[in-house]
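Each value in this text was obtained by applying a stated rule to the coordinates, not by laboratory testing. From a predicted model like this one, the values you see are computed outputs, not experimental measurements. Neighbour counts run over all protein chains shown; Cβ positions are idealised from the backbone, glycine included.
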Amino acid sequence: MTLPTAAGLLPDDIFMKTAIYPGSFDPITNGHLDVIERAAKLFDHLIIAVANNSEKRPLFPTEERVRLIEESVVGLASVEVTSFRGLLVNFASERGALVVVRGLRAVTDFEYEFQMALMNRTLRDEVETVFLAAREEYTYLSSRIIKEVARLGGDVSGMVPPPVALALPAALGRASAS
Ligand code: PNS
């Protein structure tokens, strides 16, 4: 059986095997990495999609966020890292993916995540969102809090992949100079 998508007709089984894990990843944390490792076991192909959202002013430019993720997932053969612009559901159908993966840390995440999942399903009914529970020890982690602690001189090296720990001082220096 084939299903219609924006990109044309694709075989049914492509949809079951490809999932997208979208996010800002500014920067990737150990919590994100945990979700990536879990999702990579569930799907044949996992696309980590960095949102290139011009409304937000990220600390790391899109290309650097992609590179930091690539350097953090070496060894995970089924994982691809890329960026996208515009609506996630359009990118998902271009890439033949019907599953969006998101991590849930605590009940406080739920309202925002539920809103996004329902909006995405309203925009494109065949796109399903799958939530993966983050490992307990990472539930307090977020990119925002990492940046705040690092900016104030705290040690975040146990909370982010090594490439991010290395890149943070320069990025924070650039941001404070601008
Ligand atoms: O890591 P984040 O910032 O919580 O990720 C949010 C993200 C990037 C997944 C979401 O903002 C998104 O999908 N943006 C793309 C634009 C879009 O499709 N918006 C409608 C869905 S709410």
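Cα to Cα, under 13 Å, and not fewer than 8 places away if on the same chain: which aspartates and glutamates meet these conditions relative to LYS147?
ASP26, ASP155
Given q = 0.12, 0.17 Å⁻¹, what are the Debye log10 I(q)/I(0) values for region 31-151, with equal point scatterers placed on the Cα positions and solvent ignored?
Result of the Debye calculation: -0.47, -1.02.
Under 5 Å between amide hydrogens, which residues at least 5 positions from TYR21 or on another chain qualify, with H placed 1.01 Å from N in the peptide plane?
HN-HN under 5 Å from TYR21: ILE47, ILE48, ALA49, VAL101.
Which order do the peptides 36-43, 90-97, 124-131 come out in when sorted by mean C-beta neighbours inside 10 angstrom, highest first? Write down the numbers at each step before the final one.
Values: 36-43: 17.4, 90-97: 20.4, 124-131: 14.5.
Result, highest mean Cβ count within 10 Å first: 90-97, 36-43, 124-131.
Around LEU132, which amide H atoms from residues at least 5 apart in sequence, or from another chain, sit under 5 Å from its own amide H, with H modelled in the peptide plane?
The answer is ARG102, GLY103, LEU104.
Starting from the Cα of LYS17, draw a straight line to each of the aspartates and glutamates and keep only those under 19 Å, dropping any in the same chain fewer than 8 residues away.
GLU37, ASP44, GLU80, GLU94, ASP125, GLU126, GLU128
Most exposed first by the Cβ proxy, i.e. fewest other Cβ within 10 Å, how do LYS147, LYS56 rank?
Values: LYS147 20, LYS56 9.
In order of increasing Cβ crowding within 10 Å: LYS56, LYS147.
Can you tell me the 0 to 90 degree angle between the C-alpha axis of helix 30-42 and the longest principal axis of the chain, rounded to 10?
Helix 30-42 sits roughly 20 degrees off the main axis of the chain.
Using only Cα atoms, locate the centre of region 109-178 and the centre of region 33-68, then give the distance between them in Å, rounded to an integer.
So the separation of the two Cα centres works out to 10 Å.
So for region 15-177, averaging the separation of alpha carbon pairs under 8 Å that are six or more residues apart and normalising by length, what relative contact order in percent results? Please report the intermediate quantities before stating the final value.
Numbers: 241 pairs, mean separation 49.0, N = 163.
With pairs under 8 Å counted, the relative contact order is 30 percent.
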